[in-house]
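Worksheet: the structure to be examined is printed underneath.
The values are calculated or read from the model by the stated rules, or taken from the named source; none is laboratory data. The shown structure was predicted, so the numbers you read here are calculated from the model rather than taken from an experiment. Glycine gets a Cβ as well: all are built from the backbone with ideal geometry, and neighbour counts include every protein chain shown. Side chains included, ligands, DNA and RNA excluded: accessible areas come from the protein's heavy atoms. Shrake-Rupley method; radii C 1.70, N 1.55, O 1.52, S 1.80 Å.
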Amino acid sequence: CRPLRAQYVHRPQRFGALSGLQSGQPITERHLARVLQHPEGGLRRIPAGAQAVAVLTQAQTAALQSRGLRLADSLLGAYRRVVIADDHARPLATHTACAGILLAAGSASRFGGPKQLLAYRGQPFVRAAAQAALQAGLAPVIVVLGAQAAAVRQALAGLAVTLVYNPDWQKGQSASIRAGLRALPPQTGAAVFLLADQPQVTPTVLRALRETHARTLAPVIAPLVDGQRANPVLFDRLTFPALQALRGDVGGRAIFSRFSPHYLHWLDRSLLLDVDTPADYDHLP
């Protein structure tokens with residue numbers, strides 16, 4: 001970390017006043033975020049209704065890009081996009097607010113009981129999936145409820161998630177997709193759709209989907225395991241109107257003919273498993 005001195009910072013006294021730093025103290029991502037989000041700092045004189053974009057330059061190494069991602073996560077509430085660029089201001093990645101939508105409304109009639117509440121490593125399926133989304137930095141994490149809504153609410157108690165009840169859950173998955181999308185904040189740039197019957201999904205693959213989106217801005221990004229498409233899948237906001245138009249018991253793959261997926265090659269075969277039968281449950285890792 002560079003110290004707060006004139007050779008490193010333009011108008012160091014001003015920076016110190018906005019960040020709370022004294023001269024010579026080290027500047028961290030927290031201080032940069034404070035100044036960039038301050039109405040007299042990075043957001044000064046931005047017209048009402050304008051979309052603010054932050055550009056973080058000189059991120060020419062992997063370590064600096066990783067620090068840039070951490071800073072981007074803290075800025076996305078104030079900025080619509082955060083661009084990570086090299087020392088020549090060439091964009092390397094464009095970060096947008098990425099939400100998680102956990103579909104947990106089904107009755108699991110084929111399984112014979114509420115899969116959302118099955119135990120996985122000491123906790124209900126739905127709680128394990130929600131925790132993975134939170135740990136990956138998805139925000140907000142929206143959980144769509146339907147069948148067994150009261151019990152699922154209880155299973156999620158204490159987690160920083162947004163609960164949305166879908167009164168049309170019996171009309172198929174598309175109704176839950178629409179309910180989740182309606183609950184998104186307007187600045188959301190992408191959303192990862194997770195399934196409540198996949199508690200084995202890790203924060204690692206969710207972060208990889210986010211980072212791939214930042215590099216490519218592809219409209220759809222899905223894991224590819226041994227040549228097979230897997231879940232969860234990330235959808236850019238460009239696809240939201242098409243998802244909102246879905247009807248019946250169909251999911252996001254119904255729009256793949258319009259938005260060709262960008263595949264993230266992944267080695268974890270467990271992503272190919274969702275729990276439809278008791279035998280599937282026995283095969284969870």
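For the list (1) of a type in the set (Asp, Glu); (2) open to solvent by 40 Å² or more (accessible area, probe 1.4 Å); (3) over 23 Å from the mean Cα position of the chain (by Cα), I need the number of the one condition that Glu29 fails.
Looking at each condition in turn, Glu29 falls short on (3).
Testing Ala147 on (1) open to solvent by less than 20 Å² (accessible area, probe 1.4 Å); (2) at pLDDT 95 or above; (3) closer than 26 Å to His283 by Cβ, one condition comes back false. Which one is that?
Unmet for Ala147, out of (1) open to solvent by less than 20 Å² (accessible area, probe 1.4 Å); (2) at pLDDT 95 or above; (3) closer than 26 Å to His283 by Cβ: (2).
I need a count of the residues in the stretch 122-142 that are open to solvent by 30 Å² or more (accessible area, probe 1.4 Å) and closer than 13 Å to Leu163 by Cβ.
Residues that pass the stated criteria total 2.
Select, from Leu92, Leu76, the only residue that is under 20 Å from the mean Cα position of the chain (by Cα), open to solvent by 40 Å² or more (accessible area, probe 1.4 Å) and among the hydrophobic types (A, V, I, L, M, F, W, C).
Step by step, each of Leu92, Leu76 is checked, and only Leu92 is under 20 Å from the mean Cα position of the chain (by Cα), open to solvent by 40 Å² or more (accessible area, probe 1.4 Å) and among the hydrophobic types (A, V, I, L, M, F, W, C).
For the subset of the stretch 151-200 comprising residues that are assigned to a strand (DSSP E or B) and among the small types (Gly, Ala, Ser), which member is surrounded by the fewest Cβ atoms within 10 Å (Cβ to Cβ)?
Gly189
Report yes if some residue within the stretch 106-115 is part of a strand (DSSP E or B) and either of a type in the set (Gly, Ala, Ser) or touching a strand residue (DSSP E or B) at 6+ places or on another chain (Cβ under 8 Å) (or both); otherwise report no.
no
Pairs, please: C-beta under 8 Å, at least 6 apart or cross-chain, first residue within 11 Å of Gly77 (Cα to Cα) and in the stretch 178-193, second among the aliphatic types (A, V, I, L, M)?
If the second residue must be among the aliphatic types (A, V, I, L, M), the pairs left are Pro185/Ala97; Pro185/Ala99; Gln187/Leu76; Gln187/Ala97; Thr188/Ala97; Thr188/Ala99.
What helices (runs of 4 or more DSSP H) lie completely within the stretch 201-284 and have 3 or more residues being open to solvent by less than 20 Å² (accessible area, probe 1.4 Å) and closer than 28 Å to Arg81 by Cα?
So the answer is 203-216.
Select, from Ala50, Ala17, the only residue that is open to solvent by 40 Å² or more (accessible area, probe 1.4 Å), assigned to a helix (DSSP H, G or I) and farther than 28 Å from Gln135 by Cα.
Selected residue: Ala17, the only one of Ala50, Ala17 that is open to solvent by 40 Å² or more (accessible area, probe 1.4 Å), assigned to a helix (DSSP H, G or I) and farther than 28 Å from Gln135 by Cα.
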